[in-house]
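Beneath this line is the structure, given in structure tokens, with notes to follow.
Nothing in this text is a laboratory measurement; each read-out follows from the coordinates by a stated rule. All of these numbers come straight from a predicted model, not from anything done at the bench.
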Amino acid sequence: MSQDVVLPLLARTATMGSGDIVRTLETGLHVIINITAIAGGVTLTPKVRGKDALGNAYDLLVGAGLTATGLTVLKIVPAITDAANSAVSDMLPDVYDVVMTQTGAGAHTYSVCLNKLINRTA
């Protein structure tokens, strides 16, 4: 397993993205979102997107809108049981990213980390 911080724990007021992540040996992924503060009326919607050879993004997994503090884990792993807005049985493309879309005005504090799963199916 390999671990990365793609969005460090910071206060934010807008949609943020990780930038492109180039897959190395990982076949699956856990995306760990840790919200420590969120303003009333703010919703954060996490999305993991694949990228094609021309840089066009497509959705792999769109999480549920998050409105409270706490830890959320999204899973993209081959042969895992699909669960709406939280887990999908799929392989990672060569290039992917994570985007946290904010709706509503206000500050929120969160981090996004990755656990990259190597040679695992669940």
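Pull up all non-local amide H partners of ARG12: gap of 5 or more, or a different chain, and H-to-H distance under 5 Å with H placed in the peptide plane.
Amide H to amide H, under 5 Å and 5 or more residues apart or across chains, ARG12 pairs with HIS108, THR109, TYR110.
Here are a few candidate values for mean projected area of the Cα convex hull in nm²: (i) 6.9; (ii) 11.6; (iii) 9.0. Which one was actually calculated from the structure I just gave you?
It is the one labelled (i).
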